[in-house]
Amino acid sequence: MKKVLLLLLLILLFLTVPPLRSFAAPVIDPVGEKLAILVSPVVDLVRTPFFEWKARDEARAIIKLMRDQEAIGQRLPTARDFDDFLRSRYRANREGLDPWGVPYYVKYTGQRAVVGSAGADMEVGTADDVTEVLPLRLR
């Protein structure tokens, strides 16, 4: 146990003291890259469902904003001005970006608005998109 604590203390020392960090970088960086490659699939197993949950939750919040907008008689944002709508009204700290860093989108089809996130593949219109639907009032 003492050896593990000593090793962790040394690693912490090398990572936090700039002259030591630059000295150790040629040894630590390749090991860190290999470790990242090994751990990446495990991290994705946890991160992807969490990001999907977060995107769905945020899409629901955006739908609520749009429902409120419609309830007070204001026009809904077009697909073109949707980014501006989110930046001005939605207070998630990512300025209208989903957890993967891609802008949320809106599509109007018939009597509904679909708010979506591109999902893990970061491409709109694929099977992994996370979407929520707002039924529109008949006009």
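The values are calculated or read from the model by the stated rules, or taken from the named source; none is laboratory data. None of the values given here were measured: they were computed from a predicted structure. Keep in mind that these areas ignore ligands, DNA and RNA; they rest on the heavy atoms of the full protein, side chains included. Shrake-Rupley method; radii C 1.70, N 1.55, O 1.52, S 1.80 Å.
In summary, the range 48-112 shows an alpha-carbon radius of gyration equal to 1.11 times the 2.2 N^0.38 Å reference for compact globular proteins. Take the solvent-accessible surface of the protein heavy atoms, probe 1.4 Å, and return the percent of it on the range 48-139 that carbon and sulfur atoms account for. Here carbon and sulfur together make up 52 percent of the probe-accessible area. Figure note: SER22, SER117 ranked by solvent-accessible area, largest first, 1.4 Å probe, ligands and nucleic acids not counted: SER22, SER117. Using a cutoff of 8 angstrom between alpha carbon atoms and counting only pairs six or more residues apart, the relative contact order for the range 62-115 works out to 28 percent.
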